[in-house]
1. Give the residue from 110, 130, 50 lying farthest towards the positive end of the charge dipole for the chain; charges sit on Cβ (+1 for Lys and Arg, -1 for Asp and Glu) and the dipole is referred to the Cα centre.
2. Residues in region 101-117 near a label at residue 89, defined as backbone nitrogen under 14 Å from the 7 Å Cα→Cβ point?
3. Taking the chain, how much of its Cα-Cα pair set, in percent, is spaced more than 18 angstrom apart?
4. What is the magnitude of the charge dipole of region 2-135 about its Cα centre, with +1 placed on the Cβ of each Lys and Arg, -1 on the Cβ of each Asp and Glu, and no other charges, expressed in debye to the nearest 20?
5. Nearest 10 degrees is fine. How inclined is helix 37-47 to the longest principal axis of the chain, computing both from alpha carbons?
6. Once you put a point 7 Å from the Cα of residue 130 and another 7 Å from the Cα of residue 32, both along the Cβ direction, what distance in nm separates them?
7. What net charge do the residues around residue 124 carry, taking every other residue with its C-beta under 12 Å from that of residue 124, with Lys and Arg at +1 and Asp and Glu at -1?
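All of the numbers you see were taken from the coordinates with simple rules; none came from a lab. Fair warning: this is a prediction, and the values are worked out from it, not measured in the lab. Positions of Cβ are backbone-derived with ideal geometry, glycine not excepted, and every protein chain shown enters the neighbour counts.
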Amino acid sequence: MQFTFTIDSIKQTCKQVWEVGKTHKVWAFYGEMGAGKTTFIHNLCEYLDVTSAISSPTYAIINEYESSKAGVIYHMDWYRLKDEEEALQAGVEDCLLSGHFCLIEWPERAADLLPDDCWRLWITLENEQTRRISSL
């Protein structure tokens, strides 16, 4: 499945992606630096009515949000992780096994920790204003 969105239509795309993927508890976002992973997740959390501040967990590794539509959401950024052992020490396994929604940036840093039913999404740059989201 593919979705294409521009910066102006990101909120509508978040709604569409949510409707397709909400049965998956773990979402893995792949894409090069600057592709828009954090921006997309931020807008998805806004669509899901997260009321707390939504920020990149680059240094914290894991941010926890509360959503009126989705319950607890864990937003994880694995970019700074060296390996799976460090991911385990950071507590990512507890999040993955919690049954709550997990939105993961840079999942390739600890790919073997991802569950089999993880929904994998690739964000690619089409141009300055347009991104494409593809999933399997």
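1. Value computed over the given set: 130.
2. Inside the label zone: nothing.
3. Considering the chain, 50 percent of its Cα-Cα pairs are separated by more than 18 Å.
4. Numbers: 12 positive and 21 negative charges, 101 e Å.
Taking the Cα centre of region 2-135 as origin, the dipole is about 480 debye.
5. 80 degrees
6. The modelled label-to-label distance comes out at 1.7 nm.
7. +1
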